[in-house]
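Each remark here refers to the structure printed beneath this line.
Here, each number is a calculation from the coordinates, and none is a lab measurement. Predicted model, so just to flag it, every value in this text is computed and none were measured. Because the Cβ atoms are built from the backbone with ideal geometry, glycine has one as well, and the counts that use them run over all protein chains shown.
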Amino acid sequence: MPLYETVVGLEIHVELATASKVFCGCSTAFGGGQNTRACPVCMGLPGALPALNRQAVEYAVRAGLALNCSITKNAVFDRKHYFYPDLPKAFQISQLYLPLCVDGWVEVSGKRIRIREIHMEEDAGKLSHDPWTDVSLVDFNRCGAPLIEIVTQPDIRSAEEAVEAVRKIRAALSMLGVSDCKMQEGSLRVDVNLSVRPMGSDELGTRAEMKNINSLRSIGRAVTAETARQIEQIELGKPIIQQTRRWDDSKGASSAMRSKEDALDYRYFPEPDLAPLSLSDEWIAERRAALPELPEQKRKRYPVEFGLSAYDTDILVSEKALCELFERTAALCGRPKDAANWIMGEVLAALKDRGEPPDQLRLPPEALARIITLQSDGVVNRNGARRALTAVMSGEAEDVDGYVTANQLAMVGDESALAGIVRQVMESDADSVAAYRAGKEKAFGRLMGQAMKALRGKGDPGRLKELLTEALGEG
Amino acid sequence: MKLTDDITLRVAKLSGIRLTEPETAAMTRDLGAIVGYFDILNELDTAGVEPRAHILPLVNRWREDVVTPSSDRDELIANAPARRDGYVAAPKTFEGGGSS
Ligand SMILES: [Zn+2]
């Protein structure tokens with residue numbers, strides 16, 4: 001059997017975080033009774049005229065700049081025609097000829113995945129299928145919500161690269177605040193275009209498009225499964241049919257939805273009801289200058305500035321909420337490494353226990369900073385600090401000091417001084433700490449010696465030894 | 001471009017319109033005249049004319065991102081051919097058959 005190479009391109013639909021829809025003033029808020037967030041414009045009633053939401057353009061441009069695209073100064077909207085009950089106008093306002101952003105890239109493990117374009121368009125309504133009758137029920141609340149579609153070139157060669165590309169794009173977009181990027185809720189939707197070819201070939205094989213992929217993990221699974229399916233077809237001498245397939249994550253397999261034979265000619269033409277855009281160089285330069293620091297920049301800065309590992313950095317910069325918590329906590333308590341350790345350890349573990357995603361984090365940086373300070377000053381021990389954190393995250397406590405007092409978590413007199421000494425010695429002689437943790441027990445004596453010296457007889461050496469042993473064990 | 005019945009039928013299919021044979025012939029004639037007019041336009045010398053996407057000299061006609069009240073639901077969907085529980089009821093479609 002020859003070796004095959006998988007060739008993947010992505011189409012990523014992202015719902016923009018505007019308050020109102022892209023061409024009318026209806027709210028984009030999630031939920032609401034069916035068809036209560038709709039009007040003649042988004043319902044496509046005769047005579048209704050679209051009016052472009054400026055914020056949606058701002059967000060789309062911001063996304064384009066962050067993903068290294070050129071901005072099309074004279075972008076135009078086009079009508080894309082097809083008939084489907086969730087599309088009341090029988091056309092979708094989109095962009096074909098002059099999309100807003102073109103020729104960008106995202107870096108994935110040292111390699112550039114090119115982004116062909118990012119265009120603006122409107123979302124469709126939602127259909128529910130009643131299994132007992134022959135009707136589909138249509139809710140137009142989502143119809144007309146602003147979307148961008150990010151289209152990559154077929155530069156991806158593995159499941160890992162596909163997942164990584166989406167993670168990187170998602171991290172950038174959520175840092176920009178242009179979308180909440182929730183895959184489960186459908187505000188970030190990924191379609192995977194995949195073909196296989198013999199290794200070394202330059203030609204593209206016939207591709208299949210997979211839809212309904214709802215998590216980062218299922219992107220990887222879908223790529224792996226579809227690659228295997230196509231190779232098997234080829235090995236059996238069967239043709240690959242150009243088709244759209246629906247991914248079923250519970251089965252770990254996809255099934256054909258429709259083939260290209262009944263593919264439509266969308267009869268695109270420029271949308272006559274919307275004026276073209278005309279964006280000046282200055283206008284674009286202002287937006288570029290106003291971009292926040294992006295994950296890629298933070299990825300380079302954290303290890304240098306804070307001494308964080310590449311792994312910790314990657315986790316922190318991939319989630320906007322964690323990243324903000326880290327930066328603000330570090331600034332407040334002046335202990336970036338402790339801040340990172342607490343977030344990577346206790347905070348993530350607590351979120352996992354509670355089954356909550358990072359963006360639902362309820363932990364003010366002031367509280368975390370205070371907890372870190374109290375522990376490093378030896379006011380509370382590790383266990384007390386942990387209890388305070390849990391109390392704040394569960395909403396049981398708001399004020400850290402109040403909680404510490406009320407629950408008598410502060411170590412009294414000697415104890416507190418001893419803990420402070422332990423902390424101090426471990427910080428000033430990190431080499432011995434590392435040596436001890438690497439198995440060199442002799443290093444313990446060195447640390448204990450320094451601690452005794454700092455103690456100057458004011459306290460219980462036995463208890464000091466216990467505290468040092470405990471702290472070293474916590475790594 | 002010569003417009004044929006085949007092209008008319010294809011456009012009709014894409015537009016969701018059913019045509020009888022006499023209607024097809026009439027449509028081919030009418031559409032042919034329109035397409036023929038574009039052939040005349042194509043003879044014009046447009047060398048010095050800037051390409052444009054819109055007939056009016058307007059750009060950046062946008063509004064601020066402000067939520068305005070949506071319509072009264074019952075009134076909004078009153079003209080739909082069928083309704084149920086505040087939804088518009090449509091002939092059943094197979095799952096995931098849309099576009100985009
Ligand atoms: Zn509306």
request  = About the Cα centre of chain B, how large is the charge dipole given +1 on each Lys and Arg Cβ and -1 on each Asp and Glu Cβ? Please answer in debye to the nearest 20.
outcome  = 280
ask   = Once the dipole of segment A:4-283 is set up with Lys and Arg at +1 and Asp and Glu at -1 on Cβ about the Cα centre, which of A:279, A:9, A:108 lies farthest towards its positive end?
value = A:108
note = Computed over the Cα atoms of segment A:415-473, the Rg and Dmax in Å are 10.4, 31
ask   = Say R0 is 56 Å: what FRET efficiency, to the nearest 0.05, do residue A:112 and residue A:460 get from their beta-carbon distance?
value = 0.35
task = Note the per residue figure in Å³ for the convex hull of the C-alpha positions in segment A:165-316.
result = 221
request  = Run the quick spin-label model on residue B:18 and residue A:185: label points 7 Å from Cα toward the beta carbon, then report their separation in nm to one decimal.
outcome  = 4.5
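Please find the FRET efficiency linking residue A:273 to residue A:452, where r is the Cβ-Cβ separation and R0 is fixed at 60 Å, and quote it to the nearest 0.05. Please list the in-between numbers first.
Values: r = 82 Å, r/R0 = 1.37.
E(calc), rounded to 0.05, equals 0.15.
Net charge near residue A:155: determine it from the other residues with C-beta under 11 Å of the C-beta of residue A:155, scoring Lys and Arg +1 and Asp and Glu -1. Don't skip to the end; give the middle numbers.
Numbers: positive: A:111, A:112, A:114, A:116, A:157; negative: A:161.
In short, +4.
Provide the FRET efficiency to the nearest 0.05 for the residue B:64-residue B:6 pair, computing r from the beta carbons and using R0 = 60 Å. Mind dumping the intermediate values first?
Details: r = 49 Å, r/R0 = 0.82.
Here the calculated transfer efficiency is 0.75.
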remark   = Per-residue average of other protein chain Cβ atoms inside 10 Å, peptide B:6-14 -> 1
request  = List the aspartates and glutamates whose Cα lies under 15 Å from the Cα of residue A:80, skipping any in the same chain that are fewer than 8 positions away.
outcome  = A:121, A:122, A:123, A:149, A:265, A:271, A:273
query = Based solely on its DSSP helices, what 222 nm [θ] is calculated for chain B when runs of n ≥ 4 H residues each add -39,500 (n - 2.57) and the sum is averaged over all residues, nearest 500 deg cm²/dmol?
reply = -11000 deg cm²/dmol
request  = Quote the convex hull volume per residue of segment A:1-107, based on C-alpha atoms, as a whole number of Å³.
outcome  = 190
message = Please give the charge dipole size of the protein assembly as shown, origin at the Cα centre, charges +1 on K and R Cβ atoms and -1 on D and E Cβ atoms. Round to the nearest 20 debye.
response = 1120
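Set the bar at 25 Å for Cα to Cα. Now go through A:126/A:238; A:182/A:352; A:89/A:168; A:337/A:453; A:111/A:238; A:21/A:73 and name every pair that lies beyond it. Don't jump to the answer; show the numbers that get you there.
Values: A:126/A:238 36 Å; A:182/A:352 17 Å; A:89/A:168 35 Å; A:337/A:453 27 Å; A:111/A:238 33 Å; A:21/A:73 23 Å.
From the list (A:126/A:238; A:182/A:352; A:89/A:168; A:337/A:453; A:111/A:238; A:21/A:73), the Cα-Cα distance tops 25 Å for A:126/A:238; A:89/A:168; A:337/A:453; A:111/A:238.
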ask   = For chain A, what size does the Cα cloud have along each of its three principal axes, sorted from largest down, in whole Å?
value = 88, 58, 56
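To the nearest whole percent, what portion of all C-alpha pairs in segment A:296-406 is separated by more than 23 angstrom? Write out the running numbers ahead of the final one.
On the way: 1420 of 6105 pairs.
For segment A:296-406, the share of Cα pairs beyond 23 Å comes to 23 percent.
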query = Along the charge dipole of the protein assembly as shown, Cβ charges K/R +1 and D/E -1, which of A:48, A:422, A:306 sits furthest on the positive end?
reply = A:422
query = What is the Cα centroid distance between segment A:279-337 and segment A:182-251, reported in whole angstrom?
reply = 33
query = Setting aside same-chain residues fewer than 8 positions from residue A:442, which aspartates and glutamates have a Cα under 13 Å from its Cα?
reply = A:431
Cβ-based charge dipole, chain A, positive-most Cα from A:132, A:33, A:165 = A:165
request  = Output ³J(HN,Hα) for segment A:400-409: one whole-Hz value per residue in order, computed from phi by the Karplus curve 6.51 cos²θ - 1.76 cosθ + 1.60 with θ = phi - 60°, and x for Gly and Pro.
outcome  = 4, 4, x, 5, 4, 5, 4, 9, 6, 8
task = Within segment A:331-347, find all residues whose amide N lies under 16 Å from a label point positioned 7 Å from the Cα of residue A:427 along Cα-to-beta-carbon.
result = A:331-342
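Which net charge results when you count Lys and Arg as +1 and Asp and Glu as -1 among the other residues whose beta-carbon is under 13 Å from that of residue A:34?
On the way: positive: A:37, A:126, A:142, B:73, B:83, B:84; negative: A:86, A:139, B:74, B:85.
Here the charged neighbours net out to +2.
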key: Counting all C-alpha pairs of segment A:4-283, share separated by more than 30 Å (%)   = 32
task = Over the whole of A:16-25, what's the average partner chain Cβ count within 10 Å per residue? Rounded to a whole number, please.
result = 3
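Please give the peptides B:75-86, A:84-95 ranked by average Cβ packing (other Cβ atoms within 10 Å per residue), highest first, as a rough proxy for protection.
Details: B:75-86: 13.2, A:84-95: 20.2.
Those peptides, ordered most packed to least, come out A:84-95, B:75-86.
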